[in-house]
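Down below is the structure, laid out as structure tokens.
Since every read-out is calculated from the coordinates, none of them should be taken as a lab result. This is a predicted model, so every value here is computed, not measured. Don't worry about glycine lacking a Cβ; one is built from the backbone with ideal geometry, like all the others, and counts go over all protein chains shown.
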Amino acid sequence: MYRVWNFITSYSLLLLAGAAVALVWANIDPHSYHAMVDYPLIQNFFIGAEHAADGHISRTLTAHFLVNDILMAFFFAMAGKEVWEAVILKNGELRGHKAMTPLIATAGGMLGPVAVYLGLAAVLGVYETVSRGWAIPTATDIAFSYLVGRIVFGAGHPAIRFLLLLAIADDAAGLIILAIFYPTGELAPVWLLLSLGAALLVYLLANDLPRRLDRHNQMRPNSSWMRQKLSFWPYLVAGCLSWYGFMRAGIHPALGLLPIVATIPHADRPYGIFAEAESYLKDLLNWMQHRLKYPVEIVLFLFGLFNAGVEFSAIGAPTWLVAAGLLIGKPLGIFIMGWVGARALGFGLPEGMRMADLVVLGCVAAIGFTVALFVASVAFPGGAVQDAAKMGALFSFGAAFVSVIVGKLMRVERREF
């Protein structure tokens, strides 16, 4: 897998450490924890969370907004980079026949949780209260799922690559869901023209124009000058403008860097999600990703710290709905739609992978931690319902133990090479 293990391990441990500190802090001294999360850094600022007072709308840059809406944009940019390369490059993982069954299974892994979540909500009589959280259990946490997948299947099992394909596609769908169904304020689509304009301008001036000027010149002097002298700065400026456009448009600004990712010069081939081998590639996109590696790890620690602080007394109906959507709906959806893709439609499974392995893989993919927490924080306003939903996202860690047990029952053969 091109030595992806070290990155995923450090990423996962820091995120888990932040979440653990948050849980302990929130249950020992909830007042000081929430005071830290909501601490106002700058009041009456041009960016921040909107609030109305005396008929006037102003913004306050809080610590929570800084982490969730600004710093997490770099995490989603890294995830977006992997999705973009998997789709756009000729040998990308989400192109061609090899991606069909994972893509179909991904659809099941999103529809199954939604059906279970909304169905149980209707049965329990809480549909009106919790229906906005339908997307929370659709998430698959790439890092933790990969860790558990390595434990259950081993590094060399074909189910690992299937899992990564499914997780990448799941992330892509999750980004679309966030953008469409969870606006952060009153929609003002005209502001998206700022994001679109920034993306087009930086692509034309910093990417397309130098390449056109270097046509028929193997030395590529103009492209080299742009890379050496200006480096990432044009894209950073464009990213700030795009982020601001998303915020003012009412779309979650954490997605604001995604239009810029597609404009950055990229490699001719991908080596796999977060692969260490890509650190040796000379394209600007991979160079930027690997410079962001350690800062994003710190961001994810802060994300866990600022979002996982839920009191155990918050457990309620949304907790069990999210947990059921992930632990029941996702494995069922992945298996049923995976069977449709592999058998009914004839796309098949990777060589060496059984249908029984697909059952186990569905359990592994039920870990929704990072993105599930993020969606919970935007699906519901702060309060009891949001906290209960977040607890359900944390409970999805139970899928790790379920995966190990089901793996033993299904007689999964671990393969290290």
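Summary table below
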{"read-out": "Taking THR62, THR101 and counting other C-beta atoms within 10 Å, the order from fewest to most", "value": "THR62, THR101"}
{"read-out": "Stretch gain in nm, segment ILE180-SER313, where the contour uses 0.36 nm per residue and the Cα spacing is subtracted", "value": "44.7 nm"}
{"read-out": "Under 13 Å from LYS98, Cα to Cα: aspartates and glutamates that are on another chain or at least 8 residues apart", "value": "GLU351"}
{"read-out": "Simple label model, 7 Å out from Cα along Cβ direction - ILE298 to ASN91, nm", "value": "3.6 nm"}
{"read-out": "Cα lying deepest toward the dipole's positive end in the chain, options ALA323, ALA384, LEU14, charges on Cβ", "value": "LEU14"}
{"read-out": "Exposure proxy order (Cβ contacts within 10 Å, fewest to most) of TYR146, TYR182", "value": "TYR182, TYR146"}
{"read-out": "Neighbour net charge for GLU50 - beta-carbon separation under 12 angstrom, K R +1, D E -1", "value": "0"}
{"read-out": "Aspartates and glutamates whose Cα lies under 20 Å from that of LYS330, excluding same-chain neighbours fewer than 8 positions away", "value": "ASP141, ASP170, ASP171, ASP357"}
{"read-out": "Under 12 Å from the Cα of LYS390 - aspartates and glutamates, other chains or at least 8 residues apart", "value": "GLU311"}
{"read-out": "Relative packing of peptides 203-210, 336-343 - highest average C-beta neighbours within 10 Å first", "value": "336-343, 203-210"}
{"read-out": "Gaussian network model of the chain, springs between alpha carbon atoms under 10 Å - residue of LYS282, LYS229, LYS98 with greatest fluctuation", "value": "LYS229"}
{"read-out": "Full-stretch length increase - ILE42, TRP225 - with 0.36 nm per residue and alpha-carbon distance subtracted", "value": "62.0 nm"}
{"read-out": "Burial ranking of peptide ranges 321-329, 170-178 (average Cβ count within 10 Å, highest at the top)", "value": "321-329, 170-178"}
{"read-out": "Computed lengthening from GLN218 to ALA20, 0.36 nm per intervening residue step minus Cα-Cα distance", "value": "66.0 nm"}
